[in-house]
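The values are calculated or read from the model by the stated rules, or taken from the named source; none is laboratory data. From a predicted model like this one, the values you see are computed outputs, not experimental measurements. Cβ sites come from the backbone with ideal geometry, for glycine too, and all protein chains shown count toward neighbours. For accessibility, only protein heavy atoms count, side chains too; no ligands or nucleic acids. Shrake-Rupley method; radii C 1.70, N 1.55, O 1.52, S 1.80 Å.
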Amino acid sequence: NVIAFLPGENTHEYVIIGAHYDHLGTEKQRDKTVIYHGADDNASGTAAVMEIARALGNLKDRGYRLQRNIVIALWGAEEMGSRGSRHFVESKSLPHESIIAVLTLDMVGRNDPAFLIAIGAEEPLKFPYRNPMLSSVLTEENKKLVRPFTISFDDGGLGVFWRVDAYSFYL
């Protein structure tokens, strides 16, 4: 895991923004080696998190104050059951009750660029009910964009919530 910290005014609340940087690499299947290219899973998420960190740092340099502490996290071993994020949670590096949001960026460039899938509950369609404030912010801020996203809280029946790094914080 690679972790960076941007202090905020409220020293007791943390927002974690992260992505995993690993991928399966190669795997021997019968008589051939299969290569799992990781440019989208998850170099794209890692690049997006690094860009967010750079932008937040630039804002701080220009005198803007962050309201909450921001933890930038690049996790290892997501492809092996979120071990990187799970290790962070289990090590109790931060008090769990102080973590108010965990945003994970995964496969940023794979889907239609005008489409955003927000997953934040074991049953994806319950996201707006489990996270009403975040759901509202996503919806309202999206309306302000020059090219708004089509937002979906449905993972298409893939059941992927348990596979993303944010799931470690949900347990």
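How many of the residues in region 124-150 are surrounded by 13 or more Cβ atoms within 10 Å (Cβ to Cβ), closer than 19 Å to A101 by Cα and either of a type outside the set (S, T, Y) or under 17 Å from the mean Cα position of the chain (by Cα) (or both)? If you could, list the steps in order and put the result at the bottom.
Narrowing region 124-150 to residues surrounded by 13 or more Cβ atoms within 10 Å (Cβ to Cβ): 124, 127-128, 130-131, 134-135, 138-139, 142, 148-149.
Filter once more, so that each one left must be closer than 19 Å to A101 by Cα: 124, 127-128, 130-131, 134-135, 138-139, 142.
Applying the additional criterion that residues be either of a type outside the set (S, T, Y) or under 17 Å from the mean Cα position of the chain (by Cα) (or both) yields 124, 127-128, 130-131, 134-135, 138, 142.
The number of residues fulfilling the criteria is 9.
Considering region 95-131 alone, what residues qualify as being out of contact with any helix residue (DSSP H, G or I) (no Cβ under 8 Å at 6 or more places or on another chain) and at pLDDT 80 or above?
Selection gives P95, E97, S98, I100, L103.
Step by step: first the residues of region 77-94, then only those that are modelled with pLDDT of 90 or more and assigned to a helix (DSSP H, G or I), then the one that is nearest to A55 (Cα to Cα). Which residue is that?
Of everything passing the filter in region 77-94, F88 is nearest to A55 (Cα to Cα).
Tell me, please, whether a residue that is in a helix (DSSP H, G or I), open to solvent by 70 Å² or more (accessible area, probe 1.4 Å) and at pLDDT 90 or above can be found in region 64-76.
If we filter region 64-76 for residues that are in a helix (DSSP H, G or I), which is where we start, we get none.
The answer is no; no qualifying residue exists.
Can A4 be described as closer than 25 Å to T150 by Cα, hydrophobic (A, V, I, L, M, F, W, C), outside any loop (DSSP other than H, G, I, E, B) and at pLDDT 80 or above?
Considered against the rule, which asks whether it is closer than 25 Å to T150 by Cα, hydrophobic (A, V, I, L, M, F, W, C), outside any loop (DSSP other than H, G, I, E, B) and at pLDDT 80 or above, A4 comes out as no.
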